Amino acid sequence: MAFQRRRHRLTPAMRTKPAIFTATLLVFLFIAFLFFFAPRLDIDNRSLAEPFHRIRDRPRQSFRDLQREHYPGNKQEVSHPAIFHIPNEGEKTKYDLWSSKLSKYYYGCCNASKKFAAAEVITLPNRYLMIATSGGLNQQRTGITDAVVAARILNATLIVPRLDQRSFWKDSSDFAEIFDVDWFISALSKDVKIIKQLPRRGGKVIRGPYTMRVPRKCNPRCYQTRVLPVMLKKHVVQLTKFDYRLSNRLETDLQKLRCRVNYHALKFTDPIQNMGHTLIRRMRTKSKHFIALHLRFEPDMLAFSGCYYGGGDEERRELGLIRRRWKTLHKNNPDKERRHGKCPLTPEEVGLMLRALGFSKDVHLYVASGEVYGGENTLAPLKALFPNFHSKETLAKKELAPFFPFSSRMAALDFIVCDHSDVFVTNNNGNMAKILAGRRRYFDHKRTIRPNSKKLYSLFLNRFNMTWDAFAAKVRKCQKGFMGEPNEVRPGRGEFHENPSTCICENTEAKLRASPIFENPAEDERETDEDSETPDLDEEGDEAILPEGADDDDPTVRPEEQEWEEILSD
């Protein structure tokens, strides 16, 4: 019997399945149409500028395009949500924004003790110390200061230090073109014998120097065991790359000698002094008080730090090319560096911090800076926050012509204005910041503000999720202990040039007369962020001493590890 095919009958449920499938497909197609062709929501319209680290990589869009899109002050108008409205007026705070009420109880004191013998007594014949400094103006200043102390330790005559003219800064100025050399010699005549050049014998200069290098943070014993034996044999020793080559921890009289050099003997030449005070007078005619900001947002600084500010591929390419100059740099994790407070704040973030602390929009701001990365677009948010924006170029462009070819002399002008400002704000912990912080502590504890970058990082990141009042309150809390109050940093912490505690004395009687129970709020608000201070290196270090006649650029000599102070000092 032939096989008969079984017939399948379609049930009503089976007949409805194609219709359901077709309807579902049409719904999905409609949703896809809406997704691809509906107008894009504008989510980038924020008050002021979005912080650099919130701007993520976008293809085919440059760093400067991002700035033009996000920063006010350009052609594009930006609306400002009321939730983060920045008032023009300054905030009322418990403390004086322009000075410390406690500063009158502290004063600089650097006189030598009676047991500190005069130079003519301790200086021995046939011992000559020559110093070759390293880096920019302020790094060289630390070397000059320490050179005087090193000569005292060695009972040697110091030859006026030779300034670095081949470094990153490429300034041909010598010592006498930046500092008053005659004043330098006479002011220290009781402490160390200093001469301008090696003496002549029989019409000829005595034999050339034996060149060597000492470790960083070298203490007196280190100088006596490493340098003195060579000096006794060769009579003339030259120490190269002389920056931070002296220990932070010295006996009191040697520390005070450091202060006499740095704060009294090192004086700029008359042309630099006169131009600097002209800039100060012009700032004073504009306002009774002014802030000086050491911005430090140049391309070289950002490249060397390894930080990233959200400029996408163009920023990475531009800064990466600069970074290749230093072959020994290791690759950093930008997010980690930023979280740990190792990156300079953006100009906008500095402005927001100052406004949150209570400075009003009409405050006059002097900015000490080189070429800012991103140019005017990067500065736009800061200028929107502080329209009274000044620099040495805006105050005296024509008169600066003789100084323009010399980076150290230009830096000296910024140094003078920052030193005499009512408030000095540092945006990094480089040499100029350290030197000025110590100097301002020594001279009446003038207000110096250091951003607590580690704690401010997350605050800037999340600022659009809070009101301005809440943001400002949190900034003021973060900045406790970073406002330049006396005793803010414990004695012995940080570089001595930044915290010259040995040279600062207290007027105890005046404190007791002012209040039977005298409390210094700064003592409870001291630096607690261990990562923000550079720890002291091992006193003896591990650097090799260079052989006689070796040159710093000699390829056969092992190069030192690159450091912040060596390249980006000012």
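The values are calculated or read from the model by the stated rules, or taken from the named source; none is laboratory data. Computed from a prediction, not measured in an experiment: that's the story for all the values here. All Cβ positions, even for glycine, are placed from backbone atoms using ideal geometry, and neighbour counts span all protein chains on display. Heavy atoms of the whole protein, side chains included, go into the accessibility calculation; ligands, DNA and RNA do not. Shrake-Rupley method; radii C 1.70, N 1.55, O 1.52, S 1.80 Å.
Couple of notes before you dig in:
- Evaluating Val423 against the criteria (1) modelled with pLDDT of 95 or more; (2) open to solvent by 10 Å² or more (accessible area, probe 1.4 Å) leaves one unmet condition, (2).
- Any pair with Cβ under 6 angstrom, 6 or more apart, that starts in the stretch 357-375 at a residue that is at positive phi and ends at one that is open to solvent by 10 Å² or more (accessible area, probe 1.4 Å): Gly358/Gly90; Gly358/Glu91; Gly358/Thr93; Gly358/Leu97
Residues checked against (1) open to solvent by 10 Å² or more (accessible area, probe 1.4 Å); (2) farther than 27 Å from Arg316 by Cα; (3) in a loop (DSSP other than H, G, I, E, B); (4) of a type in the set (Gly, Ala, Ser):
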{"residue": "Lys342", "(1), (2), (3), (4)": "yes, no, yes, no"}
{"residue": "Gly351", "(1), (2), (3), (4)": "no, no, no, yes"}
{"residue": "Leu354", "(1), (2), (3), (4)": "no, yes, no, no"}
{"residue": "Phe359", "(1), (2), (3), (4)": "no, yes, yes, no"}
{"residue": "Asp362", "(1), (2), (3), (4)": "yes, yes, yes, no"}
{"residue": "Leu365", "(1), (2), (3), (4)": "no, yes, no, no"}
{"residue": "Glu371", "(1), (2), (3), (4)": "yes, no, yes, no"}
{"residue": "Leu379", "(1), (2), (3), (4)": "yes, no, no, no"}
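- Selection count, the stretch 250-274, where residues are of a type in the set (Lys, Arg), in a helix (DSSP H, G or I), open to solvent by 10 Å² or more (accessible area, probe 1.4 Å) and closer than 20 Å to Phe175 by Cβ: 1
- Scanning the stretch 187-207 for residues that are open to solvent by 30 Å² or more (accessible area, probe 1.4 Å), farther than 24 Å from His264 by Cα and either under 34 Å from the mean Cα position of the chain (by Cα) or among the β-branched types (Val, Ile, Thr) (or both) gives a single hit, Val205.
- Test: Arg296 is out of contact with any strand residue (DSSP E or B) (no Cβ under 6 Å at 6 or more places or on another chain) and either in a loop (DSSP other than H, G, I, E, B) or open to solvent by 10 Å² or more (accessible area, probe 1.4 Å) (or both): yes
- Candidates Phe168, Phe184 - the one that is surrounded by fewer than 24 Cβ atoms within 10 Å (Cβ to Cβ), of a type in the set (Phe, Trp, Tyr) and modelled with pLDDT of 95 or more: Phe184
- Summed over the stretch 275-290, residues that are more than 21 Å from Gly438 (Cβ to Cβ), of a type outside the set (S, T, N, Q) and in a helix (DSSP H, G or I) total 8.
- Within the stretch 381-399, being free of Cβ contacts under 8 Å to residues at least 40 places away in the same chain, assigned to a helix (DSSP H, G or I) and open to solvent by 20 Å² or more (accessible area, probe 1.4 Å) holds for Glu393, Thr394, Lys398.
- All conditions but one from (1) under 30 Å from Cys505 (Cα atoms); (2) open to solvent by 30 Å² or more (accessible area, probe 1.4 Å) apply to Tyr210; the one that does not is (1).
- Checking each residue in the stretch 461-509 for being open to solvent by 20 Å² or more (accessible area, probe 1.4 Å) and among the β-branched types (Val, Ile, Thr) picks out Thr467, Thr502, Ile504, Thr508.
- Close contacts from the stretch 324-339, counting a first residue that is of a type outside the set (S, T, N, Q) and assigned to a helix (DSSP H, G or I) and a second that is surrounded by 16 or more Cβ atoms within 10 Å (Cβ to Cβ) and at pLDDT below 80, with Cβ to Cβ under 7 Å and a gap of 6+ residues or different chains, come to Arg338/His53.
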